[in-house]
């Protein structure tokens, strides 16, 4: 049975989404949704997703709250830059040496930095752990390094390593 449905929760979720999107529970849609769900589960099983485990649920909640607050602050800062007449932002690139190597932690950091207005994750060199980041308002490099290393990376290491 696991060969046909390697991810049964995903299969049921895809079936449910199919039925919700079609707004029908007719037998034809149930059969078609089941086919979509099984195909989706089989497609995901070919990706060979690396195993990983998140630890410390309180650290996850703290990190989520910090990210939410930082996104709100960044939205306000970017709005000030854009809406203030005559104000010019000094944008630029910077590199940061990261200590994390866990794929999930790096992915979460990439999503965090890219979803925060004013920052874009440009490149990450996995061999030496160097992150290339673009900043809209690049004023103090040490402040950015401190923010990423102590605010995000430290918690991600606590969660994933």
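When you look at residue 100, is it within 16 Å of the chain's Cα centre (by Cα) and either under 25 Å from residue 50 (Cβ atoms) or surrounded by 11 or more Cβ atoms within 10 Å (Cβ to Cβ) (or both), yes or no? Taking the combined requirement at face value, the residue satisfies it.
What are the residues in the range 91-107 that are assigned to a loop (DSSP other than H, G, I, E, B) and in contact with a strand residue (DSSP E or B) (Cβ under 9 Å, 6 or more places away or on another chain), if any?
91, 98, listed by residue number.
Taking the range 4-43 as the range and being closer than 26 Å to residue 103 by Cβ and modelled with pLDDT under 90 as the test, the residues that pass are 5, 6, 7. Filtering the range 63-78 for residues that are exposed (fewer than 12 other Cβ atoms within 10 Å of the Cβ), within 30 Å of residue 137 (Cα to Cα), in the same structural domain as residue 136 (by TED's automatic domain parsing) and in contact with a strand residue (DSSP E or B) (Cβ under 9 Å, 6 or more places away or on another chain) leaves an empty set. Of all the listed residues (33, 28, 118), the sole one being within 29 Å of residue 2 (Cβ to Cβ) and touching a helix residue (DSSP H, G or I) at 6+ places or on another chain (Cβ under 6 Å) is 33.
Residues of the range 108-145 that are closer than 20 Å to residue 160 by Cα, out of contact with any strand residue (DSSP E or B) (no Cβ under 9 Å at 6 or more places or on another chain) and exposed (fewer than 13 other Cβ atoms within 10 Å of the Cβ): 126, 127.
Go over the candidates 52, 40 one by one and state the one that is under 30 Å from residue 107 (Cα atoms), touching a residue at least 60 places away in the same chain (Cβ under 8 Å) and surrounded by 10 or more Cβ atoms within 10 Å (Cβ to Cβ).
The match here is 52.
The values are calculated or read from the model by the stated rules, or taken from the named source; none is laboratory data. Everything quoted here is computed from the prediction, not taken from an experiment. Backbone-built Cβ (ideal geometry, glycine too); neighbour counts: all protein chains shown.
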